[in-house]
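Quick notes on the structure that follows.
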Amino acid sequence: MERLRKNAKLYTLGLLFITNLFIWHAVVTEESRTKLTVAFLNVGQGDSIFIEAPNGNQILIDGGPGKSTLREIGKLMPYYDRSIDMLIVTNPDKDHFAGFIDVLRRYHVEGVLLPGTISGTAVYKEFEKIIKEKGVKKILARRGMNIDLGDGVSLSILFPDRDVSNWKTNDGSVVTRLSYGEKSFLFMGDSTVKTEGIIIFKNSAGLKSDVLKLGHHGSRTSTSAALLGYANPSYAIISAGRNNSYGHPHKEVLALLEKFKIPHLITYEEGTIVFETDGEQLNRQSF
């Protein structure tokens, strides 16, 4: 009996030691963060981008078509983290928001930024229902808004600049630019050449970016020569599913990237693509 008590005591002490070890690891990890992380998630034929500032603030731009987003962010977020500061829906097509339904069920979310374009699908109605049930704040995206993630990280809304409720969903896509120190990322959603023209007209001097997420999965309806010229990125990212029925990325876009000598990375070839930056250096991380 005495031996059982001793063993139980040792077991309890061991358990407490392991628990404290995990807690201290979490604390040290949180305090040692100095870099911005941007991950283009491998979610098949869809978009999802995970952003984490050095202070731990997090944003998800788009939620992909289903459960793959939840799986991929689970590999990036600490096991004890159960909150995400903001979700951004660039357009209300299923491949950009459906995965948010599971995200909202698992994580506490403060707010969701929406483009203003409209969807009447059953899946979107379910998305709206869970937003209401969870009491998540809804915000309408407008050009000029600036989301301060802290530690010098800023996400600027470049489009929409007007009411797009009657626009086609791709034309009305939310376009954002993330900056930290000398480094920046431009996220085009599914925006078309039409939308690119408006953005260039109003903001040509502010489009230069180190990383460009191409519009509409590398479709020929997006990514004009003018956009590539003004953005002049070091990397172009294409989020698409292998052997997708749309033929994304289209050969015309790949030829244009080659003409501009811009290296491109595709999620179906690379898997989730992760960059880290301290505001001065930009590095691709293994995943």
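Between residue 220 and residue 163, the contour length at 0.36 nm per residue exceeds the alpha carbon distance by 18.0 nm.
Given +1 at the Cβ of Lys and Arg, -1 at the Cβ of Asp and Glu and no other charges, the dipole of the chain around its Cα centre is 620 debye to the nearest 20. Calculated translational diffusion coefficient of the chain (25 °C, 0.890 mPa s; Stokes-Einstein with Kirkwood radius over alpha-carbon pairs) equals 124 µm²/s. About its Cα centre, the dipole of the stretch 153-287 is roughly 360 debye, where the only charges are +1 on Lys and Arg Cβ and -1 on Asp and Glu Cβ. In summary, the lysines within cross-link reach of residue 125, defined as a Cα separation below 30 angstrom excluding same-chain residues under 8 places away, comprise 67, 75, 94, 134, 137, 138, 168, 194, 213.
Here is how the number arises for the chain: DSSP H runs of 4 or more residues each give -39500 (n - 2.57), the sum is divided by the residue count, and the result at 222 nm is -10000 deg cm²/dmol. Against the chain, whose longest principal axis is taken from its Cα atoms, helix 2-31 shows a tilt of about 30°. Among 256-262, 171-177, sorting by the average number of other beta carbon atoms lying within 10 angstrom of each residue, highest first, gives 171-177, 256-262. Per-peptide packing, taken as the mean over residues of other Cβ atoms within 10 Å, places 186-194, 75-83 in the sequence 186-194, 75-83 from highest down. Element breakdown for the chain at a 1.4 angstrom probe: carbon and sulfur atoms account for 53% of the accessible area. Count charges around residue 46 for me, please; just the other residues with Cβ under 12 Å from its Cβ, Lys/Arg as +1, Asp/Glu as -1. Its environment carries a net charge of -4. Taking 17 Å as the straight-line reach from the Cα of residue 132, the aspartates and glutamates in range (excluding those fewer than 8 positions away in the same chain) are 85, 102, 110.
The values are calculated or read from the model by the stated rules, or taken from the named source; none is laboratory data. This is a predicted model, so every value here is computed, not measured. Here the Cβ is made from the backbone with ideal geometry for all residues, glycine too, and neighbour counts use every protein chain on show. Ligands, DNA and RNA are stripped out before the accessible areas are found, and what is left, the full protein with its side chains, is counted by its heavy atoms. Shrake-Rupley method; radii C 1.70, N 1.55, O 1.52, S 1.80 Å.
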